[in-house]
1. Can you sort Asp100, Asp87 by 1.4 Å-probe accessible area, starting with the largest?
2. Work through the residues other than Leu287 whose Cβ is under 12 Å from its Cβ and net out their charges, Lys, Arg +1 and Asp, Glu -1.
3. Grab the eigenvalues of the alpha-carbon gyration tensor for the stretch 8-152, scale each by 5, take roots, and send me the semi-axes largest first in whole angstrom.
4. List the aspartates and glutamates whose Cα sits under 17 Å from the Cα of Lys233, skipping any in the same chain fewer than 8 residues away.
5. Where nothing but the Cβ of Lys and Arg (+1) and of Asp and Glu (-1) is charged, how large is the charge dipole of the stretch 8-152 around its Cα centre, in debye to the nearest 20?
6. Roughly what would the spin-label model give for Met224 and Gln12, points 7 Å off Cα along C-beta, in nm?
7. Express in nm, to one decimal, how much length is gained between Asp76 and Ser254 on full extension, taking 0.36 nm for each residue of separation and deducting their alpha carbon distance.
8. For the stretch 199-343, compute Rh as the Kirkwood radius over C-alpha pairs and then the Stokes-Einstein diffusion coefficient at 37 °C and 0.692 mPa s; write the answer in µm²/s, rounded to an integer.
Amino acid sequence: MDVRLPSPEIQQALDNRRDWILAHTEDMTKVAGELKDNYGTASYVAYFDKGELRYIKERLEAGEGGYGEHYYFVDDNNLFGYEEDADWRLALPDGSQRIDEQDIDLYLDEYGTIAFQTYVKNGQRSALPVSKIDSIKTRFDLLKDRSGMLLRGEKPPVLVAALPDPVKPVVPQPPVQGEPVRRERLAPAGSDQWQTPEYVGVSKSRHKGMNMGTFQVATRNVNMTVLPGVRAKDYHLGQMVSLTQYWCAYREDSFEMQWNYWSASRQQFQGQYVFSCGQAREVMAELGQGERTVIPVHVRLDGVQDAAVTLLSLDTPQKIATLQSLEKRFASPCVEHFCAGQSYLEK
């Protein structure tokens, strides 16, 4: 059951504070980071308004083990709102699996006590356990501190102490290790900067087990060398693989992402590339896990979502060779009657 139900006016005021933040995230400064443990990877994007933390979006990536998405809303440096949507597939000792679904909405007052909460676990509504609330607060404090360091250009320390997990209370939490992260560096609109896509879009495909993606860059000459032995095209294909890995966080290896690659601000088609989730994970494992950056992804029917995507790590000849092989391994130069080199404006 719900507890501490506020008056409609108070709840409306809290909703308005949350909605204002969500409506202004596009204008805020963003930093991206990640935390790893034995169960998967937690990536997050933190949003700052004139240097003040206002919002953190955390995403736990556990592959076929399920997913967890957490949203922290901040005012005057204090957590006042939290939302969670999680669906975990837990392995039991007898080899079977158990589904563990959780939906949480939580508001806190200026003293950190509950102003409003709903908690639905596997379809049953109940009061949030005190331990769960403590875990949420502890996790927020951790993410807040690390996000502040990133904003200041500092490298967060590697964590070695065991940390509570706000989404899987039934599973013991192992030590968490921090990964290097980087502040967002987005190219200005209309820029020909090769490092940053101009537009990324994702939508469902008519084919089951596949999503469709658009990867568009302002770069006109994608064959130019941008790093030793690396063309802009090679780097862009690596970004598509990284985006695929991010999009595959909760999907099985056979699921596929189909990318249509456009250059010169959609004036030239560069071919279609299809990566399965398993292939994307393998390639990223070969390239090594680099830092995180924010790439806005336009999701059909869901608006723009900021993805904390892993950057490429190209510090050895072997990794560069892996990147160079992507075009030959995954390219489909023509799609129906539309081929690489043609302009979107011609069709």
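The values are calculated or read from the model by the stated rules, or taken from the named source; none is laboratory data. For clarity, every value in this text was computed on a predicted model and none was experimentally measured. In this analysis, Cβ positions are derived from the backbone assuming ideal geometry, glycine residues included, and neighbour counts consider all displayed protein chains. Remember, those area values only see protein heavy atoms, side chains included, never the ligands or the DNA or RNA. Shrake-Rupley method; radii C 1.70, N 1.55, O 1.52, S 1.80 Å.
1. The ranking, largest first, comes out as Asp87, Asp100.
2. With Lys, Arg at +1 and Asp, Glu at -1, the neighbours total -2.
3. Gyration-tensor ellipsoid for the stretch 8-152: 27, 20, 12 Å.
4. Within the straight-line limit of under 17 Å, Lys233 reaches these aspartates and glutamates: Asp192, Glu198, Glu327.
5. Magnitude of the dipole: close to 360 debye.
6. Inter-label distance under the simple model: 5.5 nm.
7. 59.6 nm
8. Once the numbers are plugged in, D ends up at 214 µm²/s.
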